[in-house]
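A.B. asks: Take a look at the following structure, please.
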Amino acid sequence: MAVKVIKGWWLPLVLSAGMAASWANQTEWCQRLMGRMFPVVTLLTVTHAEPVLIDGEEGVKLSGWATKNYNAAYKGVYFNLVSPYGVPLTARFSDKPKNNAAGILHWDMLVVGIPPDRIYEAYGEVKHSFYGLMIRSPFYIGRAE
């Protein structure tokens, strides 16, 4: 009798677990957890930083490279002051990488809306979609000089 009851509940249990996982993946904390466990990109190695003006405000243009571990679809870049939960900063890639597959990617124009002397206070993430999962990988962690 107990075996028949268990057999009748496996499909709703699997569907419920799938729906819960799908819901959890829409939350930023779950995306960050996935990005820490399975980062799509490595941390950015900055080769050059140059001051620029962004809509009349001071900003910095970063050049550098990072390694892309998986062939995932790019969804956005996010920079915040101090931590992933800090004050949001304007950020965008003004140049798209020529090769978006897994491997080493180079950028010459990652523009971040923070003065160049404060870039070490920034924290950056890149969001990718990989087989329906959203992943936020750490991309830039400012370090005091």
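The values are calculated or read from the model by the stated rules, or taken from the named source; none is laboratory data. Not measured: the values here are computed from a predicted model. Positions of Cβ are generated from backbone atoms using ideal geometry, with glycine treated the same way; all protein chains shown enter the neighbour counts. We work out accessible area using only protein heavy atoms, side chains counted, and drop any ligands, DNA or RNA first. Shrake-Rupley method; radii C 1.70, N 1.55, O 1.52, S 1.80 Å.
A.B. asks: Would you mind checking the tilt of helix 2-25 against the longest principal axis of the Cα atoms of the chain, expressed as 0 to 90 degrees and rounded to 10?
C.D. replies: 10
A.B. asks: Given the peptides 75-86, 50-61, 108-119, arrange them by the average over their residues of other C-beta atoms within 10 Å, most packed first.
C.D. replies: The peptides rank, most packed first, as 108-119, 75-86, 50-61.
A.B. asks: Here is a follow-up. How large is the helix-only mean residue ellipticity at 222 nm for the chain, computed as the sum of -39500 (n - 2.57) over DSSP H runs with n ≥ 4, divided by its residue count, in deg cm²/dmol to the nearest 500?
C.D. replies: -8000 deg cm²/dmol
A.B. asks: So, one more: What is the distance, in nm, between label points placed 7 Å from the Cα along the Cα-to-Cβ direction at ILE141 and at SER83?
C.D. replies: 1.4
A.B. asks: Compute the signed sum of charges (Lys and Arg +1, Asp and Glu -1) over the other residues within less than 14 Å, Cβ to Cβ, of MET34.
C.D. replies: +3
A.B. asks: Can you give the angle from 0 to 90° between the axis of helix 28-37 and the longest principal axis of the chain, with both taken from C-alpha atoms, to the nearest 10?
C.D. replies: Once rounded, one gets 80 degrees.
A.B. asks: A further question on this structure: How would you classify the stretch 48-96 from its alpha-carbon gyration tensor, with a ≥ b ≥ c the square roots of the eigenvalues: rounded for a/c under 1.5, else prolate if a/b is greater than b/c, otherwise oblate?
C.D. replies: Cα axes put the stretch 48-96 in the oblate bin.
A.B. asks: Once phi is turned into θ = phi - 60°, what whole-Hz ³J(HN,Hα) does the Karplus curve with 6.51, -1.76 and 1.60 give for every residue of the stretch 69-77, x standing for Gly and Pro?
C.D. replies: With coefficients 6.51, -1.76 and 1.60, one gets 7, 10, 8, 10, 7, 5, 10, x, 10 Hz.
A.B. asks: Work out, step by step, the length gained on full extension between LEU133 and ASP108: first 0.36 nm times the residue separation, then minus their alpha carbon distance; give nm to one decimal.
C.D. replies: 6.2 nm
A.B. asks: Can you give the extra length, in nm with one decimal, that the chain gains between ASN69 and VAL14 once fully stretched, where that is 0.36 nm per residue apart less the Cα-Cα distance?
C.D. replies: Length difference between fully extended and current span is 16.8 nm.
A.B. asks: Between LYS96 and TRP23, what length comes free when the chain is fully extended (0.36 nm per residue of separation minus the Cα-Cα distance, one decimal in nm)?
C.D. replies: Here the segment from LYS96 to TRP23 would lengthen by 23.2 nm.
A.B. asks: With charges only on Cβ, +1 for K and R and -1 for D and E, what is the dipole size of the chain about its Cα centre, in debye, rounded to 20?
C.D. replies: Taking the Cα centre of the chain as origin, the dipole is about 960 debye.
A.B. asks: Would you mind getting the accessible area per residue of the chain, heavy atoms of the protein chains only, 1.4 Å probe, in Å²?
C.D. replies: 62
A.B. asks: So, one more: Quantify, in whole percent, the carbon and sulfur part of the accessible surface of the chain (1.4 Å probe; protein heavy atoms only).
C.D. replies: C and S atoms contribute 64 percent here.
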